[in-house]
1. When you count, for each residue, the other Cβ atoms within 10 Å and take the mean per peptide, how do 62-72, 42-52 rank with the highest first?
2. Please report the carbon-and-sulfur percent of the accessible area for the chain; probe 1.4 Å, protein heavy atoms only, DNA, RNA and ligands left out.
3. For a quick check: with amide H placed at 1.01 Å from N, whose amide H comes under 5 Å from Ala56's, ignoring anything fewer than 5 positions away on the same chain?
4. Taking square-rooted eigenvalues a ≥ b ≥ c of the alpha carbon gyration tensor, is segment 19-59 rounded, prolate or oblate, where a/c under 1.5 means rounded and, failing that, a/b exceeding b/c means prolate?
5. Provide the per residue accessible area, probe 1.4 Å, for the chain, rounded to a whole number of square angstrom.
6. Using just the C-alpha positions of the chain as equal point scatterers, what log10 of I(q)/I(0) does the Debye formula give at each q in 0.13, 0.19, 0.20, 0.27 1/Å?
Amino acid sequence: MLDVRQLQVLLAVQAAGSLTQAAHALHLSVPTVTHHLSALESRLDATLVERSKRGATLTAVGEAVAADAQRILG
């Protein structure tokens with residue numbers, strides 16, 4: 001079963017473009033955001049977010065999951 005919080009974190013990363021800004025928007029720590037993303041990626045057996053020094057972007061699979069998350073949470 002998917003965790004709603006994990007989907008919220010994915011959408012926050014998509015909107016913010018970084019783990020730090022997503023954590024700030026959700027009032028969470030960066031390690032907590034990382035934990036939620038890692039758990040979701042593990043559950044789906046796919047890389048959802050590409051992390052770099054300049055921020056974070058969703059992969060093609062991440063974008064598809066985010067679109068579904070929008071519908072689920074909307």
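The values are calculated or read from the model by the stated rules, or taken from the named source; none is laboratory data. All values reported here derive from a predicted model rather than from experimental measurement. Note that we place each Cβ from the backbone using ideal geometry, even for glycine, and neighbour counts take in every protein chain shown. The accessibility values were calculated without ligands, DNA or RNA, using every heavy atom of the protein model including side chains. Shrake-Rupley method; radii C 1.70, N 1.55, O 1.52, S 1.80 Å.
1. Final packing ranking: 62-72, 42-52.
2. Heavy-atom surface of the chain belonging to carbon and sulfur, 1.4 Å probe: 54 percent.
3. For Ala56, the qualifying residues are Ser18, Leu19.
4. oblate
5. Per-residue value: 61 Å².
6. -0.30, -0.67, -0.74, -1.42
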